[in-house]
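*Asks:* Sharing a structure here in structure tokens format.
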Amino acid sequence: MENSEPDPSRERNGVVCVLYGEFTDALHDGVRYSVSLTESALTVQAISASPGRTKVSFNLTDCVGCRAHGGGGPGGGAGGADVGAYFTAYFYPFKRRWMSAGVARQRVERRFRVALVQDPLANLREAERWARAIRDASALRAPRRDGVVYAELRRPCRVMILVNPHSGRGQALQLFTGHVRDMLAEAAVPHTLVITEHQNHARELVRKADLSQWDALVIMSGDGLLFEVINGLMEREDWREAIQTPLGILPGGSGNALAASVHHYSQSPPAWNEELLLSCGFMLCKGLVRSMDLVSIHLASRRRLFSFLSLAWGFVSDVDVESERYRHVGAIRFLMGTLVRLASLRVYQGRLAYLPVVEAPPPPPKGSVEARRPPSTPRRPSFCASLPCRLAPDTSPNQNSRRNHNGTNSNRDTIANSSNNAITTKRPETLACQGTAGAPEDSLLPGLDQPVPESWTVVREEDFVLVLAIYQSHLAEDLWTVPGALADDGAIHLFYVTAGISRPALLRLFLAMEKGGHLACGCPHLVYEKVKALRLEPVSPQGMITVDGEVVEYGPVQAQIHPGLARLICG
């Protein structure tokens, strides 16, 4: 017979336990364990006559749940004749991979048999007491990061999970049933599964859904389905409340950029494929929520979209769209698309302007001369800076000399208003846009037919290989594009590559991006800026612009960051 001590707190071997008991192994009655639960760990020690007793400690931070059941339940032995009861704890600790270097989350299950008396109900009550104590303790040990403000999903959490069965290699539904469904059951997270049937199905669904029925919306697909969900929420009359619905992501597509970013934000070792799925599923079960920036994007047709990932033009958008023909091979499609596009590298002409993020200088030491000095009067902009001035044709043979990385207090940096879409430095008017009435105002953006403000930096018209604005750390599972990015850092991370870069140099950049090393390559054609808003005006008559991987109309486009507008289930 097993012994369990009902005293809720007991000191054993110098450690204060929340619970202590002695139980047998669920599969081998001859193996007995002493089990102790503290605020941070579940410790299991084999009871034997030998002095070196095996002892294993499981961190409750890695625990997603614990369930109790009677002897006739799953794994309960000899059917209804078993008077014992069982409790099973589920952990996903980091363990060394079997076939490769490094560690990844792997499932560990520990099940114990409780047989204090011959009364099955009494044994079940004791098993339920242990399961409840383990659940409560593990809920307090969620893997929080220092300096990050979290909310928590309520328990039990009602989740709608939207799955695109055609995403990636068409295995999203199979991955859900093979991995995620069991994890949700272990964590006691009830869910409703919705399989999308056509493009914009998810968008239409969340636009009309009664969101009071759900505590979270979770997408199992590539990034395109989340794009639909976010824009469906922002098209609602109650968009302000709707967009606060926590959003979760489970990788089921080819790119899985947000899933890779969420994994990265948890400061976990790199993971791919099913390991990445387990990581994101683990975070969903733990239920921590943090804010996420969204970007408002305006197109020439006055259509307005909301983006969570990226705006791309040139090489990146070409590869993203053209590699669709290789979808059947999974994530490697992007490598194949990159090699094909490198073979016939295109150059695009366009104009680019942006509002840079002004990094606040550190405060001066207390008592220093700078700290006692009164604030200086801001300088007035020069008269020359207020005058529009057409750029002379560039005849310099030096590619790098054609770039402007300074402010706009020089008439060299101003592009004349030679067309409705030209970038100039005049004061903007109020922006009005169709599609999301009442949605947050884009106070930093003028109308697309208006000049950009004087505070913007204007890149002189030149030839681009690519322009990429990204607001997450990853562009794909294996593309660590912005090593320092956070989901809510309040910045658009703007990259552009100018013409003149060789094919080998461009390939080196993307290969270095796998480990986030591209900014250290010293490539003179690569420019990186942190911005709050931007405008892109393609001049080349043909090309593709993508938003979160989705093709949008080709033409002038501008964007502004909205810090912390949405909420993301994230570590």
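*Asks:* Any chance region 138-150 includes a residue that's surrounded by 20 or more Cβ atoms within 10 Å (Cβ to Cβ) and assigned to a helix (DSSP H, G or I)?
*Replies:* Kept after step one, since they are surrounded by 20 or more Cβ atoms within 10 Å (Cβ to Cβ), are these residues of region 138-150: 138.
From what's left, assigned to a helix (DSSP H, G or I): 138.
Among the residues of region 138-150, at least one is surrounded by 20 or more Cβ atoms within 10 Å (Cβ to Cβ) and assigned to a helix (DSSP H, G or I), which makes the answer yes.
*Asks:* Go through (1) closer than 24 Å to Glu550 by Cα; (2) crowded, with 19+ Cβ neighbours inside 10 Å; (3) under 19 Å from the mean Cα position of the chain (by Cα) one by one and return the number of the condition Asp215 breaks.
*Replies:* (1)
*Asks:* A follow-up question, please. Please go through region 89-120 and give me each residue that is under 29 Å from Trp272 (Cβ atoms), touching a residue at least 60 places away in the same chain (Cβ under 8 Å) and over 27 Å from the mean Cα position of the chain (by Cα), ordered by number.
*Replies:* Arg110
*Asks:* Out of all the residues in region 224-239, is one or more surrounded by fewer than 16 Cβ atoms within 10 Å (Cβ to Cβ) and closer than 25 Å to Ile297 by Cβ? Working first, answer last.
*Replies:* Looking only at region 224-239, we keep the residues that are surrounded by fewer than 16 Cβ atoms within 10 Å (Cβ to Cβ), and these are 237-238.
Narrowing the set further to residues that are closer than 25 Å to Ile297 by Cβ leaves 237-238.
Yes: region 224-239 contains one or more residues that are surrounded by fewer than 16 Cβ atoms within 10 Å (Cβ to Cβ) and closer than 25 Å to Ile297 by Cβ.
*Asks:* Got a sec? Which helices (runs of 4 or more DSSP H) wholly within region 308-396 have at least 3 residues that are open to solvent by 70 Å² or more (accessible area, probe 1.4 Å), out of contact with any strand residue (DSSP E or B) (no Cβ under 9 Å at 6 or more places or on another chain) and modelled with pLDDT of 60 or more? First the steps, then the outcome.
*Replies:* Values: elements: 315-322, 333-343, 369-372.
Hits in region 308-396: 333-343.
*Asks:* Here is a follow-up. Report whether or not Ser212 is out of contact with any helix residue (DSSP H, G or I) (no Cβ under 9 Å at 6 or more places or on another chain), free of Cβ contacts under 8 Å to residues at least 40 places away in the same chain and among the hydroxyl-bearing types (Ser, Thr, Tyr). Steps first, please.
*Replies:* Values: out of contact with any helix residue (DSSP H, G or I) (no Cβ under 9 Å at 6 or more places or on another chain): yes; free of Cβ contacts under 8 Å to residues at least 40 places away in the same chain: yes; among the hydroxyl-bearing types (Ser, Thr, Tyr): yes.
Yes: the conditions hold for Ser212.
*Asks:* Out of Asp478, Asp442, Asp488, I need the residue that is modelled with pLDDT of 95 or more and open to solvent by 20 Å² or more (accessible area, probe 1.4 Å). Which one? Reasoning before the result, please.
*Replies:* Values: Asp478 fails: modelled with pLDDT of 95 or more; Asp442 fails: open to solvent by 20 Å² or more (accessible area, probe 1.4 Å).
Matching residue, one of Asp478, Asp442, Asp488: Asp488.
*Asks:* Between residues in region 184-203 that are closer than 22 Å to Cys157 by Cα and residues that are in a strand (DSSP E or B) and open to solvent by 50 Å² or more (accessible area, probe 1.4 Å), which pairs lie under 8 Å by C-beta distance while being six or more apart or on different chains?
*Replies:* That search, which allows pairs on different chains as well, returns Leu184/His191; Glu186/Arg67; Ala188/Arg67.
*Asks:* Moving on. How many residues are open to solvent by 20 Å² or more (accessible area, probe 1.4 Å), assigned to a strand (DSSP E or B), closer than 24 Å to Val18 by Cβ and among the hydrophobic types (A, V, I, L, M, F, W, C) when one looks only at region 83-131? Full working, then the answer.
*Replies:* Going through region 83-131, the residues open to solvent by 20 Å² or more (accessible area, probe 1.4 Å) turn out to be 83, 93-103, 105-111, 113, 116-122, 124-126, 128-129.
Those left that are additionally assigned to a strand (DSSP E or B): 94-96, 103, 105, 108-111, 113.
With closer than 24 Å to Val18 by Cβ added as a condition, the list becomes 108-111, 113.
From the residues that got through so far, the ones that are among the hydrophobic types (A, V, I, L, M, F, W, C) too are 108.
The total comes to 1.
*Asks:* Oh, and also: Do the conditions hold for Val551, that is, is it part of a strand (DSSP E or B) and open to solvent by 30 Å² or more (accessible area, probe 1.4 Å)? Walk me through it before giving the result.
*Replies:* Working: part of a strand (DSSP E or B): yes; open to solvent by 30 Å² or more (accessible area, probe 1.4 Å): yes.
Yes: the conditions hold for Val551.
*Asks:* Within region 513-530, does at least one residue satisfy the condition of being of a type in the set (Ser, Thr, Tyr), assigned to a strand (DSSP E or B) and surrounded by 15 or more Cβ atoms within 10 Å (Cβ to Cβ)? First the steps, then the outcome.
*Replies:* From region 513-530, those of a type in the set (Ser, Thr, Tyr) are 528; that's our starting set.
After this cut, where a residue has to be assigned to a strand (DSSP E or B) as well, the list is 528.
If we keep only those that are surrounded by 15 or more Cβ atoms within 10 Å (Cβ to Cβ) as well, we get none.
No.
*Asks:* For region 229-261, which positions are among the small types (Gly, Ala, Ser), over 24 Å from Ala209 (Cα atoms) and under 10 Å from the mean Cα position of the chain (by Cα)? Spell out how you get there, then give the answer.
*Replies:* If we filter region 229-261 for residues that are among the small types (Gly, Ala, Ser), which is where we start, we get 232, 242, 248, 252-255, 257, 259-261.
Of the ones still in play, those that are also over 24 Å from Ala209 (Cα atoms) are 253-255, 257, 259-261.
Correct list: Ala257, Ala259, Ala260, Ser261.
The values are calculated or read from the model by the stated rules, or taken from the named source; none is laboratory data. Just so it is clear, the structure is predicted and the values come from calculations on it, not from any experiment. Heads up, the Cβs are rebuilt from the backbone with ideal geometry, glycines too, and the neighbour counts pull from every protein chain shown. The accessibility values were calculated without ligands, DNA or RNA, using every heavy atom of the protein model including side chains. Shrake-Rupley method; radii C 1.70, N 1.55, O 1.52, S 1.80 Å.
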